[in-house]
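The structure under discussion appears below in the form of structure tokens.
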Amino acid sequence: MSSTTVWAAVLLASLGSYLTKLAGQSVPQGLLSRGWVARVAGLVPVALLSALVVVQTFAGAGAHLVLDARSGGLAAGVAALLLRAPFIVVVAVAAATAALLRASGLAA
């Protein structure tokens, strides 16, 4: 890939990001104050983050589900959440569990 192509892609992505942000800023306040819009706006980030976590945790080669150290870390993080641990503790528990599983050789 040439340097010109890379710079064109970067500039195009930057312009797209700017236009998306501008479109969000130009939404009328009356539309945002509607009840269903506020509910949807509150749920969309949770749904997107959940989808990203699932895809990054269970992504495999082709159509196969992969259970490895990431899955163990996610399970430990969920357990910490159920025990009402603070967010930073949840992240630390999940990361430490995944690291220990990889170091022990129990998971790839």
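In segment 5-16 there is no residue matching the filter, namely being β-branched (V, I, T), modelled with pLDDT under 90 and part of a helix (DSSP H, G or I).
Of the residues making up segment 97-108, those that are over 18 Å from F58 (Cα atoms) and surrounded by fewer than 14 Cβ atoms within 10 Å (Cβ to Cβ) are A103, S104, G105.
Here's the yes/no breakdown for (1) in contact with a Pro (Cβ under 6 Å, 6 or more places away or on another chain); (2) surrounded by fewer than 10 Cβ atoms within 10 Å (Cβ to Cβ); (3) without any contact (Cβ under 8 Å) to a residue 12 or more places away in the chain; (4) under 24 Å from A103 (Cα atoms):
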position: T5; (1), (2), (3), (4): no, yes, yes, no
position: P28; (1), (2), (3), (4): no, yes, yes, no
position: A47; (1), (2), (3), (4): no, no, yes, no
position: G60; (1), (2), (3), (4): no, no, yes, yes
position: A69; (1), (2), (3), (4): no, no, no, yes
position: L83; (1), (2), (3), (4): no, no, yes, no
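If you go through segment 15-25 one residue at a time, do you hit one that is surrounded by 10 or more Cβ atoms within 10 Å (Cβ to Cβ), in contact with a Ser or Thr (Cβ under 8 Å, 6 or more places away or on another chain) and not hydrophobic (A, V, I, L, M, F, W, C)? There is no residue in segment 15-25 that is surrounded by 10 or more Cβ atoms within 10 Å (Cβ to Cβ), in contact with a Ser or Thr (Cβ under 8 Å, 6 or more places away or on another chain) and not hydrophobic (A, V, I, L, M, F, W, C). If you go through segment 17-73 and keep only what is of a type in the set (A, V, I, L, M), part of a helix (DSSP H, G or I) and more than 24 Å from V91 (Cβ to Cβ), you end up with L19, L22, A23, L31, L32, V37, A38, V40, A41.
The values are calculated or read from the model by the stated rules, or taken from the named source; none is laboratory data. All values reported here derive from a predicted model rather than from experimental measurement. With ideal geometry, Cβ positions are generated from the backbone for all residues, glycine too; neighbour counts draw on all protein chains shown.
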